[in-house]
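Chemist: Dropping a structure here in structure tokens format, bear with me for questions.
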Amino acid sequence: MARIKFTKGELKKTRDALRQYERYLPTLQLKKQQLQMEILRQLRLHQEKEELEASKRGMIEAWAGLLVDVPKDLRAWITPKEITIAARNIAGVDLPVFERAEFEPAEYDLFIIPLWVDTAVDLLRELVSLRQEIKVLAQGVKVLRDELRITTQRVNLFEKVKIPLAKETIRLIKIYLGDQMTNAVGRSKMAKRKIEETVLEEVAV
């Protein structure tokens, strides 16, 4: 514990600090709850997207053998040329949000390439987009968990350190000032009694 200044000024300063701590703590606790709820929501969404991705992957694997007849350009057709990620503010945290993946047009000779290639390209693009979305969701959960860790540390600091320390400091200063006041009153009474005794002695003489 830092050295306490047993003064009225220090008492006021500590009381003001305590009021600030007690006013700020509920905001931190609310932020902590919001972050916890959002993490759970993001984890559920992440799981749903992973299940959907597994389902689509299963559909593609069913006819993956046919892809040997597809031109080498297939990889270029299913590689995103741009991924758009927005931001959403949750409890003061900028959370990355996947919006879309854009692809180059798949240009090929319709007389040479089998008809099912259109469906294959669409499904593979959906799969790639889903994987990008899952990746962004995982990044978002990490951002939220990091912020939750920091917020929890702050809540604990206020609840377990700052507020109890301020209350204890106020208690000690009040005791000290009370003792000082009692001593001052006692000294005042003694001084008054001595003055009265001196006056009586002078009168008696």
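Chemist: Please go through the range 148-162 and pick out each residue that is within 16 Å of the chain's Cα centre (by Cα), of a type in the set (Lys, Arg) and either crowded, with 17+ Cβ neighbours inside 10 Å or farther than 18 Å from Asp94 by Cα (or both).
Modeler: Answer for the range 148-162, where residues must be within 16 Å of the chain's Cα centre (by Cα), of a type in the set (Lys, Arg) and either crowded, with 17+ Cβ neighbours inside 10 Å or farther than 18 Å from Asp94 by Cα (or both): just Arg154.
Chemist: So, one more: What do you reckon, is Leu165 surrounded by 14 or more Cβ atoms within 10 Å (Cβ to Cβ) and either aromatic (Phe, Trp, Tyr) or at pLDDT 95 or above (or both)?
Modeler: yes
Chemist: Go through the range 76-111 and report how many residues are more than 27 Å from Gln42 (Cα to Cα) and in a loop (DSSP other than H, G, I, E, B).
Modeler: 8
Chemist: Right, Gln20: modelled with pLDDT of 95 or more, surrounded by fewer than 17 Cβ atoms within 10 Å (Cβ to Cβ), of a type outside the set (Gly, Ala, Ser) and under 12 Å from Ala91 (Cα atoms) or not?
Modeler: No, not satisfied.
Chemist: Another question, if that's okay. Condition test on Val143, is it modelled with pLDDT of 95 or more, in contact with a strand residue (DSSP E or B) (Cβ under 9 Å, 6 or more places away or on another chain) and among the β-branched types (Val, Ile, Thr)?
Modeler: yes
Yes/no matrix, rows are residues, columns are (1) over 19 Å from Glu48 (Cβ atoms); (2) in a helix (DSSP H, G or I); (3) hydrophobic (A, V, I, L, M, F, W, C); (4) without any contact (Cβ under 8 Å) to a residue 24 or more places away in the chain:
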{"position": "Leu124", "(1), (2), (3), (4)": "yes, yes, yes, no"}
{"position": "Val128", "(1), (2), (3), (4)": "no, yes, yes, no"}
{"position": "Gly140", "(1), (2), (3), (4)": "no, yes, no, no"}
{"position": "Glu147", "(1), (2), (3), (4)": "yes, yes, no, no"}
{"position": "Ile150", "(1), (2), (3), (4)": "yes, yes, yes, yes"}
{"position": "Val155", "(1), (2), (3), (4)": "yes, yes, yes, no"}
{"position": "Phe158", "(1), (2), (3), (4)": "yes, yes, yes, no"}
{"position": "Val161", "(1), (2), (3), (4)": "yes, yes, yes, yes"}
{"position": "Leu177", "(1), (2), (3), (4)": "yes, yes, yes, no"}
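Chemist: Would you point out the residue of the range 15-29, among those that are free of Cβ contacts under 8 Å to residues at least 60 places away in the same chain and not hydroxyl-bearing (Ser, Thr, Tyr), that is nearest to Glu147 (Cα to Cα)?
Modeler: Among those residues, the one meeting the criterion is Pro26.
Chemist: From Lys49, Lys5, which residue is crowded, with 16+ Cβ neighbours inside 10 Å and either at pLDDT 95 or above or part of a loop (DSSP other than H, G, I, E, B) (or both)?
Modeler: Lys49
The values are calculated or read from the model by the stated rules, or taken from the named source; none is laboratory data. Remember, it's a predicted structure, so these values are computed and weren't measured experimentally. A quick note on method: Cβ atoms are made from the backbone with ideal geometry, for glycine too, and the neighbour counts reach across all protein chains shown.
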